[in-house]
Amino acid sequence: MADYDPDNIFAKILKGEIPNKTVYENEHVLAFEDINPQAPVHVLVIPKGPYTDMRDFSKRASEEAQMAFSRSIGDIVEILELEKTGFRAIANTGINGLQEVPHYHLHILGGQPLGRMIHIS
Ligand code: AMP
C-alpha cells in the first residue's frame, strides 16, 4: 500500500484549502456532498486522520476514531433522511475497487432505488 499523500484532495478539504458542502462534522469525522453525485443523495464520509483506505483505517486508527466514525454513520443517515428508505454505503479501495482519492472515504448513496450492487462493463 502506498504511503498517505498529504496533498490529496480530501486532505486539502480538511485543511480548508478547498471548499466543501458539509453535511456533518465532529472531532474525528467530516461528511460532505460528492461533487459529482451518482444518486439524488451522495455524501462522502471521511475520517480526519491520514488514512489511505478502509483497511489502513481499520488497522491503524485509534479505537476512539473508529468508534466515532462508526457512530457518525447513524447520525448522517438521519440528517440525510435515509433511515426509512435505505441507502448504500461503499468504500472503493485500491486498484480493483477503482479508488480515485487516496484518503479513506465511505460513499453514502440514496434517494432512489439504486439497482444492482455491481455492474461490470
Ligand atoms: P473514489 O472513486 O471512491 O475514490 O471516489 C472519489 C469521489 O470523490 C468521487 O465520487 C468524486 O466525485 C469525489 N470528489 C472528488 N473531488 C471532490 C471534491 N472536491 N468535493 C467533493 N467530492 C469530490
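The values are calculated or read from the model by the stated rules, or taken from the named source; none is laboratory data. Only a predicted model underlies this, so the values are computations on that prediction, with no experimental measurement involved. Reconstructed Cβ throughout: ideal geometry from the backbone, glycine too, with neighbour counts over all protein chains shown. Ligands, DNA and RNA are stripped out before the accessible areas are found, and what is left, the full protein with its side chains, is counted by its heavy atoms. Shrake-Rupley method; radii C 1.70, N 1.55, O 1.52, S 1.80 Å.
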Residue 62 fails exactly one of (1) farther than 20 Å from residue 100 by Cβ; (2) of a type in the set (S, T, N, Q); (3) surrounded by 14 or more Cβ atoms within 10 Å (Cβ to Cβ), namely (3)
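State yes or no: is residue 120 over 17 Å from residue 4 (Cβ atoms), modelled with pLDDT under 95 and surrounded by fewer than 19 Cβ atoms within 10 Å (Cβ to Cβ)?
Values: over 17 Å from residue 4 (Cβ atoms): yes; modelled with pLDDT under 95: yes; surrounded by fewer than 19 Cβ atoms within 10 Å (Cβ to Cβ): yes.
Yes, satisfied.
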Return the pair list, or none, for Cβ contacts closer than 8 Å from residues in region 21-42 that are farther than 14 Å from residue 106 by Cα to residues that are within 11 Å of the ligand (Cβ to nearest atom) and open to solvent by 30 Å² or more (accessible area, probe 1.4 Å), at least 6 apart or on different chains.
21/33
Inside region 30-59, can you point out the residues that are small (Gly, Ala, Ser) and more than 10 Å from the chain's Cα centre (by Cα)?
39, 49, 58
Residue selected from region 12-22 under the condition open to solvent by less than 60 Å² (accessible area, probe 1.4 Å) and within 11 Å of the ligand (Cβ to nearest atom), by the criterion farthest from the chain's Cα centre (by Cα):
18
The one condition in (1) assigned to a loop (DSSP other than H, G, I, E, B); (2) out of contact with any Pro (no Cβ under 8 Å at 6 or more places or on another chain); (3) away from the ligand (no atom under 12 Å from the Cβ) that residue 112 fails to fulfil
(2)
Which listed residue is hydrophobic (A, V, I, L, M, F, W, C), open to solvent by less than 40 Å² (accessible area, probe 1.4 Å), closer than 23 Å to residue 114 by Cα and within 11 Å of the ligand (Cβ to nearest atom), from 44, 98:
44
Hey, any hits in region 75-95 for a residue that's open to solvent by 40 Å² or more (accessible area, probe 1.4 Å), under 13 Å from the mean Cα position of the chain (by Cα) and more than 16 Å from the ligand (Cβ to nearest atom)?
no
Quickly run through region 26-41 and pick out the residues that are more than 14 Å from residue 88 (Cα to Cα), more than 7 Å from the ligand (Cβ to nearest atom) and surrounded by 13 or more Cβ atoms within 10 Å (Cβ to Cβ).
26, 28, 29, 30, 31
Just for region 48-59: of the residues that are farther than 14 Å from residue 92 by Cβ and basic (Lys, Arg), which one is surrounded by the most Cβ atoms within 10 Å (Cβ to Cβ)?
48
